[in-house]
1. Are any of the residues in segment 301-321 open to solvent by less than 60 Å² (accessible area, probe 1.4 Å) and modelled with pLDDT of 90 or more?
2. For segment 363-421, what are the residues that are in contact with an Asp or Glu (Cβ under 9 Å, 6 or more places away or on another chain), in a strand (DSSP E or B) and either open to solvent by 10 Å² or more (accessible area, probe 1.4 Å) or under 19 Å from Arg245 (Cβ atoms) (or both)?
3. Taking the stated definitions as given, is Asp107 in a loop (DSSP other than H, G, I, E, B), acidic (Asp, Glu) and touching a residue at least 24 places away in the same chain (Cβ under 8 Å)?
4. Return the only residue of Phe98, Phe71 being touching a residue at least 24 places away in the same chain (Cβ under 8 Å), more than 16 Å from Ala163 (Cβ to Cβ), open to solvent by less than 50 Å² (accessible area, probe 1.4 Å) and in contact with a Gly (Cβ under 7 Å, 6 or more places away or on another chain).
5. Which of the numbered conditions does Arg293 fail, given that it passes all the others? Conditions: (1) open to solvent by 30 Å² or more (accessible area, probe 1.4 Å); (2) modelled with pLDDT under 95.
6. Does Leu185 qualify as being at pLDDT below 90, under 30 Å from Ala38 (Cβ atoms), of a type in the set (A, V, I, L, M, F, W, C) and open to solvent by less than 60 Å² (accessible area, probe 1.4 Å)?
7. If you take the residues of segment 12-40 that are open to solvent by 50 Å² or more (accessible area, probe 1.4 Å) and not in a helix (DSSP H, G or I), which of them is farthest from Asp107 (Cα to Cα)?
8. What number of residues in segment 454-474 are of a type in the set (A, V, I, L, M, F, W, C) and closer than 17 Å to Leu304 by Cα?
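The values are calculated or read from the model by the stated rules, or taken from the named source; none is laboratory data. These numbers were taken from a predicted model, which means no experiment stands behind them. Positions of Cβ are backbone-derived with ideal geometry, glycine not excepted, and every protein chain shown enters the neighbour counts. In case anyone asks, the SASA skips ligands and DNA or RNA and just uses the protein heavy atoms, side chains included. Shrake-Rupley method; radii C 1.70, N 1.55, O 1.52, S 1.80 Å.
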Amino acid sequence: MSLTATRADSPFALSDEATALLERRVDRALERSQRERAPALAAVTVAIPAELDLSAAVLAARRADDRFFCFEQPDRDGFVLAGLGCAVALESRGPGRFREVAVRARDLGRRASADDASRDPDRPAAAGPVFVGGFAFSDEGGATPEWSPLAPASLVLPEISLARHRGAARMTVSVVVQPDRGHLLNDVLRRTEELLPASMPLIDPDPVERTRVASAAPPAHFEHAVERAVERIRAGELQKVVLAREVRAHAATPHDPGAVLGGLREVFPACFCWCVGTPELAFVGASPELLVRRDGARAQTVALAGTTRRSADPSVDDHLGEQLLRSDKDREEQAIVVRRIERTLEPVSVWVTGADEPMVAKVQNVQHLATPIRAQLADPLPAVELAGMLLPTPAVGGEPREAALPLIPALEGLDRGWYAGAVGWTDLGEDGEFCVALRCALLRGSVAHLYAGCGIVRDSVPAEELAESEVKLQALLPLLS
């Protein structure tokens, strides 16, 4: 195979040695793909400078027809994963969607020619070929036009992925070879030349025209939904249900996902800050809630439920946190989530353990009750399948699940799409992590759809739940309006 391509003077440009290695792997992948009549993967991973802004580089290099992905948790030793382009997309819907995409990802991983991670001890966990994306809240979620480009289950293997953690950064270039169509190596290599160091765009602090913010349904609709839910709970039909509302921000110009993501990671460095992009939309958010993280036979998650506001006065802020810890209503909501997660993990685990008491987790505008939960898996189930077992947790759905889930769309009257679903990544070893998609917005042109939900239990007060939703919406509204 011969390749004639000029390389820009960029820290992302592949060396001649790395390019030659990728060429050889593509040749082997082509032979295997034609022999087995199935797609095969070739990839190469190289070191890049850790001080680069990886998400900014991806957002600056994306084309109009690109899929793109950014996933950061700045306070976790500078963790970043960013992906550009689409080597292959795995999509599914229905009750088996998590397992279906997990099986397809595993199948492609078995036909992969890539670097041996054990030979690079400093390599970030998310380096190498990774599948990125997420899952809708429900099996058929996202049927409305605004959500339609995002399937209920959608994982993309980027052509280029950039990962950083604990001061080490890597770039992976991936090529999927199809038995009937060959490969697009030259196109992928040209993409590396388009990657350049960049800075995140800034939000316009003084737009010419003000953004108009309006609820998708009257606030009274949400209060009435809470009333009806409390009636069902007190009648003994269920213990808890989470209800959400949608607010729309109409701007004079298209919302910039890079500027929004840049603002989120500055304001919420302890959260999972993400942007999932297609040519038509960008789904952005900053979630405090880990759905699941798998590392071999070890799994971690967090039960997050019970919310109060923050205060600029440290003594008041601490007092609010203490009130949250002593709140019977919030402790009940938290305990429901813990019990459900532990029951879900126990059948597939050697042991499951949660903290004896919840802690107060503080983010920029709210504080939550949180209980870390760890498990030793009996068999190393894929991270994607673990996410499917846990989603939706009672923190975003309800308890018991069978009673709560049908009630949610009936009371809310909206299509949640990927709100309260999962966003994250998984690698060829089936490790990975997903967060619950909270504090988020769907950006489509000049319209941003924002979502916030509240856990409803027997002592919930409609006006207080509406006020809590307003506090949660303040995570993104200032950035969008």
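1. yes
2. Within segment 363-421, Val366, His368 meet the criteria.
3. On the way: in a loop (DSSP other than H, G, I, E, B): no; acidic (Asp, Glu): yes; touching a residue at least 24 places away in the same chain (Cβ under 8 Å): yes.
Judged against the criteria, Asp107 is not a match.
4. Working: Phe71 fails: more than 16 Å from Ala163 (Cβ to Cβ).
Step by step, each of Phe98, Phe71 is checked, and only Phe98 is touching a residue at least 24 places away in the same chain (Cβ under 8 Å), more than 16 Å from Ala163 (Cβ to Cβ), open to solvent by less than 50 Å² (accessible area, probe 1.4 Å) and in contact with a Gly (Cβ under 7 Å, 6 or more places away or on another chain).
5. Of everything listed in (1) open to solvent by 30 Å² or more (accessible area, probe 1.4 Å); (2) modelled with pLDDT under 95, Arg293 misses just condition (2).
6. On the way: at pLDDT below 90: yes; under 30 Å from Ala38 (Cβ atoms): yes; of a type in the set (A, V, I, L, M, F, W, C): yes; open to solvent by less than 60 Å² (accessible area, probe 1.4 Å): yes.
Considered against the rule, which asks whether it is at pLDDT below 90, under 30 Å from Ala38 (Cβ atoms), of a type in the set (A, V, I, L, M, F, W, C) and open to solvent by less than 60 Å² (accessible area, probe 1.4 Å), Leu185 comes out as yes.
7. Going through segment 12-40, the residues open to solvent by 50 Å² or more (accessible area, probe 1.4 Å) turn out to be 15-17, 24, 27-28, 31-32, 34-37.
Subset that is not in a helix (DSSP H, G or I): 15, 37.
Values: Ser15: 30, Arg37: 13 Å.
Going through the qualifying residues, I end up with Ser15.
8. Filtering segment 454-474 for residues of a type in the set (A, V, I, L, M, F, W, C) gives 454, 456-457, 461, 463, 466-467, 471, 473.
Filter once more, so that each one left must be closer than 17 Å to Leu304 by Cα: 454, 456-457, 471.
Of the residues in that region, 4 qualify.
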